[in-house]
Every structure is written in C-alpha cells, then in structure tokens.
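Working notes, structure below.
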Amino acid sequence: MKKLLFIGCNHDQLPYLLELKKHQFEIIGTDMNSNAPGKELCNKFYQVGYDDCYGLIDIGIKEKFNLDDTIFTASAQFAHKGAAHFANKFGIDYPTEKNIDICLDKTLFYNKFQKLGIPIPETSFITNKEDFVSTIKKLDEKSSYYLKSDFSKNPNYVYRFNPENVKVDDIFWGRDRYLRNHYILQKEFIGESLRINIYGERYNVFQFEPMKKISDKKKYIETVGVINSLLKYIKDLGLDRWLIKFDIILNNENYVVLDVGLDPPFRMVKESKLQGINFAKYYVKQYLSQKVDYPESLD
C-alpha cells in the first residue's frame, strides 16, 4: 500500500485527514502534540513537529518511504519546509526546498518578485538597529512606513510608523524564529488590501474589511496584469499544482504584491462553509491528482 506522510494532526487538519482516509494510503501522521486530535485517524503516529527535519527523516527511514509514496500537509506554511526536505531525501515529487524557502522568507520572495518584474512597494532591507537609525534620516517625513521582519507572521514584528515619531527602542532587535536576518522596510502604498487565491487557471478575490468574496474588481485586476504576474511567480517556483494565496494592494493606477502563502486559505475555507461546500474534498483532489474542480461559486 502506498504510504502518505501527513504532517500536522491538529483540529484544523482533521477535514483533510478524513478525506485522505477515503483513498488507499497507509497514513503516517506526525504532530508535536502527542495527543493530537488526528492521531487515531492515522495508521501510525509519531510525535514529531513539522520543523523537525531530522525527526521526519528518521520516520521516513523507519517506515521505508520511497519515490512512490507521497506527502501532504495542511498545517502552517512552515510545514512545507519539513515536507520538502523529506521529499528530497526520498525522491518524492514535491516543490524544491529552495523554492519553499523563497516563499517563507520575505527577503527572498521580494527579491524574486523584483527579478520577475512583479511590483512591490518601495523596499529596502535593514540588518540592525544602527542601520535602521541611519535609514530613517533619509525617509520622507510626510509618509508612513512598515517594518516587517523576514519571517514575521502578523502581528509578530510588524510595525507601522512615521519617521518623525518612530520609537526605535520599542522595536525588537534580537534574533528568533520571526526575525532571522533582516527587517524589510517599505513605504506605505495607498490602496485597497485584497487577498487573491489562485488555483490552476482560476482565482478568487477577498476583501479584508469586511471580509467577503468579491467579483466586481476582477476585470480591473486582470486588466492591470495582476493575475499574469502572480502566475509567473507560481510557475517559476514550480507551484503550479497547488493553491497559492497572495496579498496585494490595489488602487486606480497600479498594484503591489505584499505576501505569498502556502497554507490552506482561511477566507476560502470560511466561504466554503457558508455555501455548504466540503472544501477539503476539492483541496485534497487538487494536491493528489491536480484536478481543479472547485465549485464555480467559490470563484
């Protein structure tokens, strides 16, 4: 029987685990929580976190994984780092660890955006407190700016400030899981914040406030080239088979791309529940067989 490594067995992952049990897999589950809710749904279970690459490799060796087996995670997007590392070890088809790293590190994906001609806000990289202090003197005092750490997850190490009143000592300058090498300094881009989920050649758009799916901006979004730009990024990193989410800011003249995400899209999952759609069913189908047949009402 084909084996499947399922990384992350907490409550939010249960719908995907239940869907995968309908397929012919021997499911090897992992989670940092020894009593994870999905534990009993797995054929075997190991108490290993998604960021423990060595622990995951040990599981693969013990369970004799090979290139005919597969991996699935619906956990935090950082779980894809461990999954890609595991896949590389056992020859399993998966996006490369290098490309997953690009999606996780803002320094890397902003550089990738620029190389691909994808618009981003006015951006620079800050290495330490002294660098930041010297940079502030050169900023436009009438504008607002954002300072975001390279691995930040809002609200961790995301600061909005004006050069005239920034409190440098209130900013975290140490090093941890959210700040590893750089802060990203960006001038505020004025416009409407939107979330775009892309699946195959299809996509949907969500407002942030209030959170709701919209369609009236789709024509303009396509006209200014947003979707083509995002597809360029997806194809360049070999993520064509996945559902990828992006945060953008759009105004009447242009747009910028702020972020990219690999984990299941919260807004699309919530919309599916409102419509009585089993989102996990279609998500699993896309990842296992590249069939993109989500109900059109989700577009």
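The values are calculated or read from the model by the stated rules, or taken from the named source; none is laboratory data. None of these values were measured; they are calculated from a predicted model. Cβ sites come from the backbone with ideal geometry, for glycine too, and all protein chains shown count toward neighbours.
Before moving on, here are some points about what is shown:
- Any chance Leu104 is among the hydrophobic types (A, V, I, L, M, F, W, C), touching a residue at least 12 places away in the same chain (Cβ under 8 Å), under 22 Å from Gly261 (Cα atoms) and surrounded by 14 or more Cβ atoms within 10 Å (Cβ to Cβ): yes
- Residue match in region 148-161 (condition: surrounded by 12 or more Cβ atoms within 10 Å (Cβ to Cβ) and either assigned by TED's automatic domain parsing to the domain that holds Tyr255 or in a helix (DSSP H, G or I) (or both)): no
- Identification of strands (runs of 3 or more DSSP E) wholly contained in region 180-274 with 2 or more residues that are more than 21 Å from Ser152 (Cα to Cα) yields 192-199, 202-207, 212-214, 243-250.
- Scanning region 176-230 for residues that are among the hydrophobic types (A, V, I, L, M, F, W, C), closer than 21 Å to Leu298 by Cβ and surrounded by 15 or more Cβ atoms within 10 Å (Cβ to Cβ) yields Leu194, Ile196, Ile198, Val205, Phe206, Ile221, Val226, Ile227, Leu230.
- Among the candidates Val256, Val260, residue that is within 20 Å of Tyr94 (Cβ to Cβ) and surrounded by 14 or more Cβ atoms within 10 Å (Cβ to Cβ): Val260
- Filter pass, Lys142 being outside any loop (DSSP other than H, G, I, E, B) and either without any contact (Cβ under 8 Å) to a residue 24 or more places away in the chain or not assigned by TED's automatic domain parsing to the domain that holds Tyr255 (or both): no
Conditions tested, residue by residue: (1) more than 24 Å from Ile244 (Cβ to Cβ); (2) touching an Asp or Glu at 6+ places or on another chain (Cβ under 9 Å); (3) among the aromatic types (Phe, Trp, Tyr).
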position	(1), (2), (3)
Met1	yes, yes, no
Leu17	no, no, no
Gln24	yes, no, no
Asn35	yes, no, no
Tyr46	yes, yes, yes
Ile59	yes, no, no
Leu67	yes, yes, no
Phe72	no, no, yes
Ala84	no, yes, no
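- Matching entry among Phe78, Phe113 (being within 30 Å of Val224 (Cβ to Cβ) and surrounded by 15 or more Cβ atoms within 10 Å (Cβ to Cβ)): Phe113
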